[in-house]
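First comes the structure, then the notes that go with it.
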Amino acid sequence: MAGISKRVNQWQKFFDDHEQKQKINPFSEWEGASHRQKLDKNDPNYGRPVEGSMTEYRGQKAGELISGEIVELCHVIADLGQKNADGSFSISFGNLFEAYTTISNKLVGMLMRARKQNLLTFPGEMLFQRRDDDVIITLFKIPYTD
């Protein structure tokens, strides 16, 4: 009997934890969810996953992966591009696209993310194959990895 009682208690704890999470979930239709926390756009945690959750963990892992891909992209630009007098590197989008297709199919997204981080620049909002082959991409610095 002790084994069954222990299992019942485990399931009850699981249920109680789930119920509490549903009551604070702003999208829950759980009965009694009137105790929902109010969302405030000025809250520093607004739009962020619950601390310690699997969502937070997966987001951190994805961020690490993307950061690694950006570092790799910067190294490719430095290796294939021409070094300028100011220490920056330049390469045309067409040359980078041709070389990078064997590495990844996310080149434009990585370029935009690297530009957001002020690692490189290129004119315009978006780059398209063929149309923007002559557009010059300038890499300012290569980020360091830990």
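When only residues in the range 122-144 that are open to solvent by less than 100 Å² (accessible area, probe 1.4 Å) and touching a residue at least 40 places away in the same chain (Cβ under 8 Å) count, which is nearest to residue 94 (Cα to Cα)?
133
Among 65, 119, which is open to solvent by less than 30 Å² (accessible area, probe 1.4 Å) and either over 30 Å from residue 50 (Cβ atoms) or modelled with pLDDT under 90 (or both)?
Being open to solvent by less than 30 Å² (accessible area, probe 1.4 Å) and either over 30 Å from residue 50 (Cβ atoms) or modelled with pLDDT under 90 (or both) holds for just one of 65, 119, which is 119.
Hey, any hits in the range 80-98 for a residue that's farther than 30 Å from residue 17 by Cα, assigned to a strand (DSSP E or B) and open to solvent by 100 Å² or more (accessible area, probe 1.4 Å)?
Within the range 80-98, one or more residues are farther than 30 Å from residue 17 by Cα, assigned to a strand (DSSP E or B) and open to solvent by 100 Å² or more (accessible area, probe 1.4 Å).
Which pairs turn up if I take residues in the range 1-23 that are closer than 19 Å to residue 50 by Cβ and look for partners that are polar (S, T, N, Q) with beta carbon separation below 6 Å, at least 6 apart in sequence or on another chain?
Sorted first by the residue in the range 1-23, then by its partner, the pairs are 22/28.
Looking at 58, 130, which one is among the charged types (D, E, K, R), at positive phi and not in a strand (DSSP E or B)?
130
State which residue is modelled with the lowest pLDDT when the search covers only the range 29-55 and only residues that are assigned to a helix (DSSP H, G or I) and open to solvent by less than 100 Å² (accessible area, probe 1.4 Å).
By that ranking, first place goes to 33.
The values are calculated or read from the model by the stated rules, or taken from the named source; none is laboratory data. As the structure is a prediction and not an experimental result, all values here were calculated from the model. Reconstructed Cβ throughout: ideal geometry from the backbone, glycine too, with neighbour counts over all protein chains shown. For accessibility, only protein heavy atoms count, side chains too; no ligands or nucleic acids. Shrake-Rupley method; radii C 1.70, N 1.55, O 1.52, S 1.80 Å.
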